[in-house]
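*Asks:* What follows is a single structure, and I will ask about it in a moment.
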Amino acid sequence: MTEETQEVQEVENEQEIEDNGSQTLEDERSDVSQPDQDFEPTVESVVEAVLFASDEPLPDARLANIVETSAKQVRECIENLNNKYRANNSAFRVEQIAGGYQMLTLSPYNHWLKKLLRVRSDNKLSPAALETLAIIAYKQPVIRADVEAIRGVAVGEVIRSLCYKGLVKIVGRAEVLGRPMLYGTTKRFLEVFGLNTLKDLPKVEELKKPPS
């Protein structure tokens, strides 16, 4: 059994599941209602949105500057938000930490959050995987030999790993001797990297280092 035949057997089942489920996912998304265009943000909801998006503690003065209000009103908003979270039995609170405020989950949920962090760690991409994925994204559809010619090393195992993670899939076979498999990226790739379509990928010129 050749290496490429083995790749087909390892990937095809997963590809079939992805392809069969993609239409259902699109149907579900089309049923999601659009946000209320008449919604008017309040100072409190803006404070909540900023805290939700921040990955670091924000001092009340900085929050006030962002929200365009006073530090006193920011503190009042945070108190009101925490009262609502308690009333709704929410899994998080706005806590004071390192001289600022940050939205944090409560300690009773640590057991499940540790599982999430382990999953994220398992899904991290190595530099070799990122480089291979970038080549596939920009050159697709592309055969493995072309990826190896660019990287200068064998990439069979790396491509299998990317397929397993749902970032790369087989998109066909090349019309050349041996008809090797063609690889391309998936919808999962777009989701992970925050892209709407492949047209949103940075232009190659934008990736070049500026002259020193």
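Each value in this text was obtained by applying a stated rule to the coordinates, not by laboratory testing. Because the structure is predicted, anything quoted here is derived from the model rather than measured. Neighbour counts run over all protein chains shown; Cβ positions are idealised from the backbone, glycine included.
*Asks:* Pulled fully out, how much extra length does the chain show between GLU157 and ASN65, if you take 0.36 nm times their separation in residues and subtract their Cα-Cα distance?
*Replies:* Details: separation 92, 0.36 × 92 = 33.12 nm, distance 5.01 nm.
Contour length minus the Cα-Cα distance gives 28.1 nm.
*Asks:* With the crude spin-label approximation of a point 7 Å out along Cα→Cβ, what separation in nm comes out for VAL176 versus GLU79?
*Replies:* For the pair VAL176/GLU79, the computed spacing is 7.0 nm.
*Asks:* Could the peptides 83-92, 146-155 be put in order, highest first, of the mean number of other beta-carbon atoms found within 10 Å of their residues?
*Replies:* On the way: 83-92: 11.2, 146-155: 15.0.
Those peptides, ordered most packed to least, come out 146-155, 83-92.
*Asks:* Would you mind classifying the stretch 123-207 by shape? Square roots of the alpha carbon gyration tensor eigenvalues, ordered a ≥ b ≥ c; an a/c under 1.5 is rounded, otherwise it is prolate if a/b is larger than b/c and oblate if not. Don't jump to the answer; show the numbers that get you there.
*Replies:* On the way: a/c = 1.44, a/b = 1.37, b/c = 1.05.
Rounded.
*Asks:* Measuring from label point to label point, each 7 Å out along Cα→Cβ, what is the GLN102 to ASP200 span in nm?
*Replies:* 2.8
*Asks:* If R₀ is 35 angstrom, what is the calculated FRET efficiency for the pair ALA145 and ARG188, using the beta carbon separation as r and rounding to 0.05? Write down the numbers at each step before the final one.
*Replies:* Numbers: r = 25 Å, r/R0 = 0.70.
E(calc), rounded to 0.05, equals 0.90.
*Asks:* For the stretch 181-192, just list the computed ³J(HN,Hα) in residue order, Karplus coefficients 6.51, -1.76 and 1.60, θ = phi - 60°, integers in Hz, with x standing in for Gly and Pro.
*Replies:* 6, 9, 10, x, 8, 10, 5, 4, 4, 4, 5, 4
*Asks:* Can I ask one more? With a point put 7 Å past each Cα toward its Cβ, work out how far TYR109 is from GLU40 in nm, to one decimal.
*Replies:* Those two pseudo-labels are separated by 3.1 nm.
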